[in-house]
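Worksheet: the structure to be examined is printed underneath.
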Amino acid sequence: MAHWFHRNPLKATAPVSFNFYGVAGSPAANKICNDLRTTRARLLEMFTDVTCTPETMKNATDAYLSLLQGFIASLDGTTQENKMRFIQNFKWTDTLQGNTPSAQQDAIFELVSMAFNVAIWYTKFASRLAGKENISEDEAKDVHRSLKVAAGIFKNLKEVHIPRLITPAEKGRDLEPRVIDAYIIQCQAEAQEVTIARAIELKHNATLIAALAFETANFYQKADHTLNTLEPECSSKWRKYLQLKQHFYMAYAYCYNGLILLASDKCGEAIRSLQEAEKCYSRAEALCKEYRQTKGPGTTAKPSEQLFFLKLGGVIKNTLEKCQRENGFIYFHKVPAEAPQLELKASYGLAEPIAFELPPLSQQCTAEVYATFDLTKGAKNDKAKPKEAEVKPVKEPDLNPQKDTGCIIS
């Protein structure tokens, strides 16, 4: 299994007390504020808990977002904005911008920032699981599903919730289109890596594997191009990862295309395709070194030393040698000067995002309770408000893959 994935850091946020000092004018309103504080804190804890499962994460996410919607959805039967939407200031860092936070006094900013972090968690969960020494079929399915869930969250935020923000995202921040598009495409590409590993293990035909590898390489290229106008200091390392994966899967595509040509008795063309695979593999190898040497947000690893990477090099070498031997004994075909144009289209195995929907509004958030929030009483207690908390970096657990034994998904 191609089990190594680059990961950018989690977003960090300042604590939020949801103490509204007189605004919450009933026990039920106070309970909503208390529950918002506790469910938010619980969800933030889950991001760094290595024992957290997708089910636990979904439950913690639903518990908080169902309450937060009480500050976003219209509860008074009108089309006007929820009066509580702009009462609380929220601070969040971005995955590419270090510990410099953005702040907006908007519950929708909180919703999209928190949900964005949930999506990042799913990608990190997939990465950690894929790095296990002996990954089971069920675990491989969890990796595949988690990446598609993350893609679905990113896609939903981009299409539905981010456009509702009053203040648009600044350039290079997580919520701007280039960054969120790159995350969506990367998740789809990585999910397809799992499919390719499965197809190879089950010895599916070379046409399917070559087409999937070609589509995956194109996904990585598209993600890289999406980031090409970002500031290099925050995107260079991420882009090196996308580029090395692009060339790695182009090498796969040309390698299996060579097998297809050989099976069709086109040995000269097969040799040329495998020579191109060697060229792509060498470029991926060079990019692995550049990735290690590039500073920037994200994980540090030596991808060219991972077994999944080394294996492909051996497959290309052995297949090319086989073709050259057979051409010298049987075919005597001329090797074309130009590499073959890959016109491969995968009919199966393409990864689509799993649609994400917000949980239903909490039953606590009724029109009657909403009416007991009185914004006119908040100003009297401004002096009693505590000083805003600082945003502390997230102390993430080690997500580096464990030693790879060469086990492939079965």
Worksheet entry | Residue check for residue 118: more than 18 Å from residue 51 (Cβ to Cβ) and touching a residue at least 40 places away in the same chain (Cβ under 8 Å) | no
Worksheet entry | the range 20-47, subset open to solvent by less than 50 Å² (accessible area, probe 1.4 Å) and part of a loop (DSSP other than H, G, I, E, B), residue nearest to residue 362 (Cα to Cα) | 26
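Return yes when residue 113 is modelled with pLDDT of 95 or more and open to solvent by 10 Å² or more (accessible area, probe 1.4 Å) and no when it is not.
Values: modelled with pLDDT of 95 or more: yes; open to solvent by 10 Å² or more (accessible area, probe 1.4 Å): no.
Answer is no for this residue.
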Discussion item. Quick check on residue 211: is it more than 19 Å from residue 123 (Cβ to Cβ), surrounded by 17 or more Cβ atoms within 10 Å (Cβ to Cβ) and touching a residue at least 60 places away in the same chain (Cβ under 8 Å)?
Written reply: yes
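Can you give me the number of residues within the range 73-97 that are open to solvent by less than 50 Å² (accessible area, probe 1.4 Å) and either within 30 Å of residue 234 (Cα to Cα) or not in a loop (DSSP other than H, G, I, E, B) (or both)?
8
Looking at the range 114-143, which of the residues that are among the basic types (Lys, Arg) and assigned to a helix (DSSP H, G or I) is nearest to residue 394 (Cα to Cα)?
Start the filter on the range 114-143 by keeping residues that are among the basic types (Lys, Arg), which leaves 124, 128, 132, 141.
Add one more test, that the residue is assigned to a helix (DSSP H, G or I), and what stays is 124, 128, 141.
Details: 124: 14, 128: 17, 141: 28 Å.
Here the answer is 124.
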Practice prompt. Can you run down the residue pairs with Cβ atoms below 7 Å, 6 or more apart or on separate chains, where the first is in the range 76-95 and in contact (Cβ under 8 Å) with a residue 24 or more places away in the chain and the partner is assigned to a strand (DSSP E or B) and among the aliphatic types (A, V, I, L, M)?
Written response: 89/103; 90/103; 91/103
Practice prompt. Say whether the condition of being within 27 Å of residue 149 (Cα to Cα) and of a type outside the set (Val, Ile, Thr) is met by at least one residue in the range 14-22.
Written response: yes
Discussion item. Going by what's in this entry, would residue 286 be described as buried (at least 23 other Cβ atoms within 10 Å of the Cβ), hydrophobic (A, V, I, L, M, F, W, C) and either under 16 Å from residue 193 (Cα atoms) or over 21 Å from the mean Cα position of the chain (by Cα) (or both)?
Written reply: no
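Yes or no, residue by residue, for (1) among the polar types (S, T, N, Q); (2) in contact with a Pro (Cβ under 8 Å, 6 or more places away or on another chain); (3) open to solvent by less than 30 Å² (accessible area, probe 1.4 Å):
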| residue | (1), (2), (3) |
| --- | --- |
| 156 | yes, no, yes |
| 163 | no, no, no |
| 166 | no, no, no |
| 169 | no, no, no |
| 186 | yes, no, yes |
| 189 | no, no, yes |
| 194 | no, no, yes |
| 197 | no, no, yes |
| 204 | no, no, no |
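Inside the range 171-180, can you point out the residues that are open to solvent by 40 Å² or more (accessible area, probe 1.4 Å) and either in a helix (DSSP H, G or I) or in contact with a helix residue (DSSP H, G or I) (Cβ under 8 Å, 6 or more places away or on another chain) (or both)?
Going through the range 171-180, the residues open to solvent by 40 Å² or more (accessible area, probe 1.4 Å) turn out to be 171, 177-178.
Passing the criteria: 177, 178.
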Worksheet entry | Residues located in the range 1-34, provided they are in contact with a Phe, Trp or Tyr (Cβ under 9 Å, 6 or more places away or on another chain) and of a type in the set (D, E, K, R) | 11
Item to complete: Could you list, in sequence order, all residues of the range 9-45 that are in contact with a strand residue (DSSP E or B) (Cβ under 7 Å, 6 or more places away or on another chain) and of a type in the set (Lys, Arg)?
Response: 11
Worksheet item: Out of all the residues in the range 238-266, which are surrounded by fewer than 24 Cβ atoms within 10 Å (Cβ to Cβ) and either touching a residue at least 60 places away in the same chain (Cβ under 8 Å) or in contact with a strand residue (DSSP E or B) (Cβ under 9 Å, 6 or more places away or on another chain) (or both)?
Response: 259, 261, 262, 265, 266
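The values are calculated or read from the model by the stated rules, or taken from the named source; none is laboratory data. Note that the structure is predicted; figures quoted are calculated from it, not measured. All Cβ positions, even for glycine, are placed from backbone atoms using ideal geometry, and neighbour counts span all protein chains on display. Side chains are part of the model used for accessible areas, which takes the heavy atoms of the whole protein and leaves out ligands, DNA and RNA. Shrake-Rupley method; radii C 1.70, N 1.55, O 1.52, S 1.80 Å.
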